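Everything below concerns the one structure shown next.
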Amino acid sequence: MSQKNDPRQELVDCIRMLEKADIIDHNGHVSIRYGDNLLINNGSAVKGLMTQVDLVEIDMDGHVVSGKGKPPLEFHIHTEIYRARPDVQAVAHTHPKWSTFLTMVGKPYKHVYAQGVLLGDMPVMNTPMSVNTKPMGERLAQTLGKRPAVLLKSHGVTIVGTNMIECFALAAYVEENCYRQYMAEQLGEPYEFSEEEKKACYEKLWSTSLFQKTWDHYRSKVAG
């Protein structure tokens, strides 16, 4: 279950769960707001072996406030989204396979999976380059806008949430939708949810309890 009173452990659990699900790789990173600063995995952390020792607290300019190691080079993704989006409390930048395959060939994200509807019409940041400067971070935040996620061409996905559990669930839904879309397209043209169906999905599935259920499902796979 979620460590609701321990944001540091919640962040560690999220990263380990994403790694176990093959959604994040050796270069991915996740953060949460931490007062006026943020907590993020350090750049050298081994995701499958994450502990709280691998977290660093940084300010909004990327300077280390506490913890050992340096933040990821793409910390600007996190700081610039937090600057632009006061509603966001958690940010994940992942390097998953299936959604990246789609952006590599210019395939649009299609709503073929009920939970995948929650991501809406995700924009694509049309560059594969690392977001390792403040201007690039600002560009990403602008492309994201008020949405929950943005695709990065031939690169990965950035997902945000009002808390860690929501952010994790949405990251899992992106990749599951893209996996189903990719596989269905090997057979033919997949069915896309109608506007009425998408509205019903959003009303029923954008739910704190269902995000928690998703979290607990993946959490059970790394427990022990």
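Taken together, the values in this text are just the output of simple stated rules run on the coordinates, not laboratory data. Everything quoted here is computed from the prediction, not taken from an experiment. Positions of Cβ are generated from backbone atoms using ideal geometry, with glycine treated the same way; all protein chains shown enter the neighbour counts.
Some observations on this one:
- Efficiency of FRET from Cβ geometry, Met129 and Ser44, R₀ 25 Å, rounded to 0.05: 0.70
- In the stretch 134-224, GluC sites (Glu not before Pro) in a DSSP loop with at most 16 other beta-carbon atoms within 10 Å: Glu192
- Entries of Lys20/Lys110; Lys20/Lys97; Lys110/Lys199; Lys47/Lys213 with Cα pairs more than 18 Å apart: Lys20/Lys110; Lys47/Lys213
- Between the beta carbons of Asp121 and Val65, assuming R0 = 35 Å, the FRET efficiency works out to 0.40 to the nearest 0.05.
- DSSP loop trypsin sites (Lys or Arg not before Pro) with at most 13 other Cβ within 10 Å excluded, longest remaining stretch of the chain: 69-145
- Vicinal HN-Hα couplings computed from phi for the stretch 188-193 (Karplus, 6.51 cos²θ - 1.76 cosθ + 1.60; Hz; Gly/Pro x): x, 8, x, 5, 9, 4
- The 3J(HN,Hα) values that the Karplus relation (6.51, -1.76, 1.60; θ = phi - 60°) gives for the stretch 104-119 are, in residue order, 5, 10, x, 7, x, 6, 10, 7, 10, 9, 3, 5, x, 4, 4, 7 Hz. Gly and Pro appear as x.
- Taking the centroid of alpha carbons for each part, the stretch 10-24 and the stretch 112-149 are 20 Å apart.
- Bridgeable aspartates and glutamates around Lys68 (alpha carbons under 16 Å apart, same-chain partners fewer than 8 residues away excluded): Asp54, Glu57, Asp59.
- Annotation: aspartates and glutamates with alpha-carbon distance below 18 angstrom to Lys107 (same-chain offsets under eight excluded): Asp121, Glu175, Glu176, Glu185, Glu189, Glu192.
- Mean separation of Cα pairs under 8 Å and 6 or more residues apart, divided by the residue count, gives the chain a relative contact order of 23 percent.
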